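Contents: one structure, followed by commentary.
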Amino acid sequence: MTEKVLVTGPFGQIGSELLPELQNRYGEENVVALGHRHIPDWYDGILEQGDVREKEFMTELFEKYEFTQVYHLASLLSAVGEKRPHLAWTVNVKGLKVMLDLAKEWDSKLFWASSIAVFGPTSPLDNTPQHTILEPVTMYGVTKVSGELLCQYYHERYGLDVRSIRYPGLISWKEEPGGGTTDYAVEIFYKAIEEGEYTCFVKEDTKLPMMYMEDAIRGTLMLMDADEEDIDVRTSYNHSALSFTAKELEEEIKKHIPDFEVSYEPDERQKTADSWPNTIDDSAAREDWGWEHEYDLERMTEVMLKNLREKLG
Ligand code: AKB
């Protein structure tokens, strides 16, 4: 059967790297990017423009293409969600509900992006288990917990094949993240190359789970390729690679750019960072569908600097 694939949020940090992979796999003619406002020049393929919250519009899209798979990535991130909590709720939860209903109706396999933001100050900070207390203190986290429960409900009640990952902070050079708490771990590379100095908005001992984007994309496709009977978690899988403090990242970059200077001026995002885990236990993902990461801090830093230097000329 020919797969017909829909990608929402296709030009965000994850979508920009997942979209070309999906086009390679399924053919450009079988992958539809649902953009909203910003459409980048590099994109070559089928484009639709609209809002994931509009049920009528989304229904017409499903009727037109008869999607067999959906990668629902459209979401507001944590920092911007704190500035616009109502918008975060409607995009992240209402948008997901529209997608769940249509995936159920069309019997499509659905991937949805969750986050380490589901955890909060009452979750264990170290080696945070797959199943634990989820009491997030950000609107973003609230939308992700609600979304996870909705996904599980649609699986249990309607048999929907819905799969999800709790992404950690993602580090990539192709597209910059927009409005997250972990954005410093990407910004720092740009500033190191372009200005030789950086003012970091979290404290130097802030330690968060992170992942290089290539690992994240590979993990996403592994989860979607896994046999249905191997998927035991229908809320969302813990998905981990490395954890480092802001200072450790600074020191790793300094091995390549010795004069690089970083100062630390924590802002309101520190509170969110403090409420998230230091390290994550992702053994369920490793056991159920064979997840293994490939990038450590050293390799990721090398690759980031090399690619960004080329990109920024
Ligand atoms: C954010 O910082 O909001 C995101 C995330 C961890 O989900 N990068």
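The values are calculated or read from the model by the stated rules, or taken from the named source; none is laboratory data. For clarity, every value in this text was computed on a predicted model and none was experimentally measured. Positions of Cβ are generated from backbone atoms using ideal geometry, with glycine treated the same way; all protein chains shown enter the neighbour counts. Accessible surface is based on the protein model in full, side chains and every heavy atom, while ligands, DNA and RNA are left aside. Shrake-Rupley method; radii C 1.70, N 1.55, O 1.52, S 1.80 Å.
In segment 281-313, how many are farther than 25 Å from residue 253 by Cα and open to solvent by 50 Å² or more (accessible area, probe 1.4 Å)?
Looking only at segment 281-313, we keep the residues that are farther than 25 Å from residue 253 by Cα, and these are 281-291.
Restricting the remaining residues to those that are open to solvent by 50 Å² or more (accessible area, probe 1.4 Å) gives 286-287.
Of the residues in segment 281-313, 2 are farther than 25 Å from residue 253 by Cα and open to solvent by 50 Å² or more (accessible area, probe 1.4 Å).
List the number of the failed condition for residue 132; all other conditions in (1) open to solvent by less than 10 Å² (accessible area, probe 1.4 Å); (2) closer than 22 Å to residue 240 by Cβ hold.
(1)
Per-residue answers, yes or no, for (1) farther than 20 Å from residue 81 by Cβ; (2) touching a Gly at 6+ places or on another chain (Cβ under 7 Å); (3) open to solvent by less than 20 Å² (accessible area, probe 1.4 Å); (4) within 13 Å of the ligand (Cβ to nearest atom):
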| site | (1), (2), (3), (4) |
| --- | --- |
| 195 | yes, no, no, no |
| 200 | yes, no, yes, no |
| 204 | yes, no, no, no |
| 211 | yes, no, yes, yes |
| 228 | yes, no, no, no |
| 236 | no, no, yes, yes |
| 239 | yes, yes, yes, yes |
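Could you count how many residues in segment 62-74 are crowded, with 18+ Cβ neighbours inside 10 Å and touching a strand residue (DSSP E or B) at 6+ places or on another chain (Cβ under 6 Å)?
7
Consider residue 275 carefully, then state whether it is within 16 Å of the ligand (Cβ to nearest atom), under 27 Å from residue 123 (Cα atoms) and hydroxyl-bearing (Ser, Thr, Tyr).
Numbers: within 16 Å of the ligand (Cβ to nearest atom): yes; under 27 Å from residue 123 (Cα atoms): yes; hydroxyl-bearing (Ser, Thr, Tyr): yes.
Yes, satisfied.
Which condition number in (1) within 16 Å of the ligand (Cβ to nearest atom); (2) part of a helix (DSSP H, G or I); (3) open to solvent by 10 Å² or more (accessible area, probe 1.4 Å) is the one that residue 147 fails?
It fails just one condition, (3).
Residue check, residue 273 against (1) open to solvent by 50 Å² or more (accessible area, probe 1.4 Å); (2) farther than 20 Å from residue 194 by Cα; (3) of a type outside the set (S, T, N, Q), all met but one. Which one?
Looking at each condition in turn, residue 273 falls short on (1).
May I ask you to list pairs of residues, at least six apart or on different chains, whose Cβ atoms are under 6 Å apart, with the first in segment 167-191 being over 21 Å from residue 83 (Cβ atoms) and open to solvent by less than 30 Å² (accessible area, probe 1.4 Å) and the second being part of a helix (DSSP H, G or I) and not β-branched (Val, Ile, Thr)?
Partner pairs satisfying both residue conditions: 171/185; 172/213; 189/304; 189/308.
So, in segment 116-139, how many residues would count as being closer than 14 Å to residue 236 by Cβ and in a helix (DSSP H, G or I)?
Residues meeting the conditions: 3.
If I filter segment 156-193 down to residues being of a type in the set (Val, Ile, Thr) and assigned to a strand (DSSP E or B), which single residue comes out as farthest from the ligand (Cβ to nearest atom)?
Of the residues in segment 156-193, the ones of a type in the set (Val, Ile, Thr) are 162, 165, 171, 181-182, 186, 188, 193.
Next, only the ones that are assigned to a strand (DSSP E or B) stay: 162, 165, 171.
On the way: 162: 19, 165: 11, 171: 10 Å.
Here the answer is 162.
Being over 22 Å from residue 179 (Cα atoms) and in the same structural domain as residue 23 (by TED's automatic domain parsing) is true for just one of 286, 218, 299. Which residue is that? Let's see the steps before the verdict.
Numbers: 286 fails: in the same structural domain as residue 23 (by TED's automatic domain parsing); 299 fails: in the same structural domain as residue 23 (by TED's automatic domain parsing).
After applying the criteria, what remains is 218.
I need the full set of residues from segment 77-114 which are farther than 23 Å from residue 20 by Cβ, open to solvent by 30 Å² or more (accessible area, probe 1.4 Å) and within 16 Å of the ligand (Cβ to nearest atom), in order please.
80, 82, 83, 84, 85, 87, 89
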